[in-house]
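A short worksheet on the structure shown next.
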Amino acid sequence: MKIPNGHEVIQLFEQFSPKGLAMEGDKIGLQIGRLNKKVERIMIALDVLENVIDEAIEKNVQLIIAHHPIIYRPLKNLLTDTVQGKMIEKILKHDIAVYAAHTNLDVAKGGVNDLLANALGLEDAEVLVPTFDTKLKKLVVFVPASHAEVIRKVLGNAGAGFIGNYSHCSFSANGTGRFVPGENTNPFVGEAGRLEEVEEVRIETIVPEPLLKKTITAMIKAHPYEEVAYDVYPLENKGEVLGLGRIGKVHEMTLGEFAEKVKLALEVSTVRVVGDLSTKIKKVAVLGGDGNKYFMNAKFQGADVYVTGDIYYHTAHDAAMQGLNMIDPGHNVEKVMKKGLTATLQKMCQETGYTVEIFPSEVNTDPFQFV
Ligand SMILES: [Zn+2]
């Protein structure tokens, strides 16, 4: 076990929530501070407000990972007698790094939308608004027969060979590898300057592009040869579709009963509801944050009710006219990411052998109260 630096933690985090999943123009990644330092305490936050920064200082945090970017519109100046300037000054003075994972965390598997779908108990949840089609690569590697099994295992553990619900999928064929080790080599088999023939196995598997680098690195590390022969082919096969929102099924109940369930599951005291409370609900769409512009996706995919935040008056009218029920539990329900992400990152750090304390911010950042 070791104390990681900021880069190592973020590298791990981005395997879970790659930057490439973010919507165009989103403000993500390291926003304030530096990562080239030891990180012993990480706080997971929904919003970075002044009281959240105070909490981070008090708890001696070196890194805040937040869902909502602290800097969204470009700064024209940085004046320390403004609210935002003062906040940034405080962050810098205490050498805290602030990293934002916004729409990439919405889209990521196990991210905000999956956490919301889980909280609502959606079964067979699928993506509501596809935004990202994972490209697939074919990876072929040649390995001496003695090491074929190890390499197959390493490839599978790195995430290669996922087809549907099957993991560690690969195909192997035996053949003969030939090579002449050059001068100054230290070959695993044979000797410099002499043609060598070795019984080798050709292992082929499929790898999602985001995992390719990691897979090849792990494969080379486990391979006995000095120079590993491998090929990467682009594929036309359709990869896994990722995106915003989720749609799935619940046990049939009325809209009124489901609204109560939403309150309980997402820990809010009130929700705004559009539709007849006695309507039967079975198919539920959910989208974290402001999902106004996606209500027709929910309608087209046959949702009985669409759960999202920040619903506008006119969106509510349009949805009602289309016969789509809606529930608005508020934007702040994205707070589920605090505990969810804490658990995910804790597990990843543990498996990697990093000693680091990760915890959710305890500050309530909902600007609204109901009186
Ligand atoms: Zn949001």
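Using a Förster distance of 22 Å, how high is the FRET efficiency between Ser146 and Ser167, based on the Cβ-Cβ distance and rounded to 0.05? Could the numbers behind the result be given before it?
On the way: r = 24 Å, r/R0 = 1.09.
According to the calculation, E is roughly 0.35.
Under 5 Å between amide hydrogens, which residues at least 5 positions from Leu30 or on another chain qualify, with H placed 1.01 Å from N in the peptide plane?
Long-range HN contacts for Leu30: Ala100.
Quick one: Karplus J couplings for the stretch 152-158, per residue in order, coefficients 6.51, -1.76, 1.60, θ = phi - 60°, nearest Hz, x for Gly and Pro?
4, 5, 4, 4, x, 5, 7
Please name whichever of Tyr225, Thr131, Val207 sits farthest to the positive end of the charge dipole of the chain, dipole taken about the Cα centre and charges placed at Cβ: Lys and Arg +1, Asp and Glu -1.
Going by the charge dipole, the pick is Thr131.
Helix 6-16 sits at what angle to the longest principal axis of the chain, using alpha carbons and giving 0 to 90 degrees rounded to 10?
Between helix and principal axis, roughly 80 degrees.
Kindly state, to the nearest 0.05, the FRET efficiency for Gln369 paired with Lys59, given R0 = 25 Å and r defined as their beta-carbon distance. Show your work: numbers first, answer last.
Working: r = 25 Å, r/R0 = 1.01.
It comes to 0.50.
Top mean-square fluctuation among His331, His68, His223, Gaussian network model of the chain, C-alpha springs under 10 Å?
His223
Can you tell me the order of 287-295, 181-189 when each peptide is scored by its average per-residue count of other Cβ atoms within 10 angstrom, highest first? Could you put the intermediate results ahead of the total?
Numbers: 287-295: 21.2, 181-189: 12.6.
Top to bottom by mean Cβ count within 10 Å: 287-295, 181-189.
Can you give the calculated 222 nm mean residue ellipticity of the chain, where each DSSP H run of n ≥ 4 adds -39,500 (n - 2.57) and the sum is split over every residue, rounded to the nearest 500 deg cm²/dmol? Don't skip to the end; give the middle numbers.
Working: 11 runs with 111 residues, N = 371.
Taking each H run of at least 4 residues, the total per residue is -9000 deg cm²/dmol.
Compute the label zone of Lys93 within the stretch 59-73: residues whose backbone N is under 16 Å from the point 7 Å along Cα-to-Cβ.
Counting backbone N atoms under 16 Å from the label point, the list is 59-61.
Using a simple spin-label model with points 7 Å from Cα along the Cα→Cβ vector, what separation in nm is obtained for Ala192 and Val83?
Computed distance between label sites Ala192 and Val83 equals 7.0 nm.
Quick one: if you stick a label point 7 Å off each Cα along the C-beta vector at Asn157 and Lys299, how many nm between them?
If labels sit at Asn157 and Lys299, their model points lie 5.1 nm apart.
Might you report the magnitude of the Cβ-based charge dipole of the stretch 1-144 about its Cα centre, with Lys and Arg at +1 and Asp and Glu at -1, to the nearest 20 debye? Mind dumping the intermediate values first?
On the way: 17 positive and 19 negative charges, 152 e Å.
Here the stretch 1-144 has a charge dipole of around 720 debye.
Taking the Cα centre of the chain as origin, work out the dipole magnitude from +1 charges on Lys and Arg Cβ and -1 charges on Asp and Glu Cβ, in debye rounded to 20. Please report the intermediate quantities before stating the final value.
On the way: 40 positive and 48 negative charges, 48 e Å.
The dipole magnitude comes to about 220 debye.
Along the charge dipole of the chain, pointing to its positive end and built from +1/-1 on Cβ of Lys, Arg, Asp and Glu, which listed residue (Ala192, Gln84, Gly159) has its Cα farthest out?
Result: Gln84.
Please give the charge dipole size of the stretch 40-100, origin at the Cα centre, charges +1 on K and R Cβ atoms and -1 on D and E Cβ atoms. Round to the nearest 20 debye.
Values: 7 positive and 9 negative charges, 47 e Å.
In total the dipole reaches around 220 debye.
Gain in length, Leu75 to Glu357, computed as 0.36 nm per residue apart minus the alpha-carbon separation, to one decimal in nm?
Values: separation 282, 0.36 × 282 = 101.52 nm, distance 3.20 nm.
Computed gain between Leu75 and Glu357 is 98.3 nm.
For the stretch 41-54, just list the computed ³J(HN,Hα) in residue order, Karplus coefficients 6.51, -1.76 and 1.60, θ = phi - 60°, integers in Hz, with x standing in for Gly and Pro.
Values per residue, Gly and Pro as x: 9, 10, 10, 9, 10, 7, 10, 9, 10, 4, 6, 6, 5, 4 Hz.
Only the coordinates and a few stated rules stand behind these numbers; no lab work does. Predicted model only: the values in this text are computed from it and were never measured. Reconstructed Cβ throughout: ideal geometry from the backbone, glycine too, with neighbour counts over all protein chains shown.
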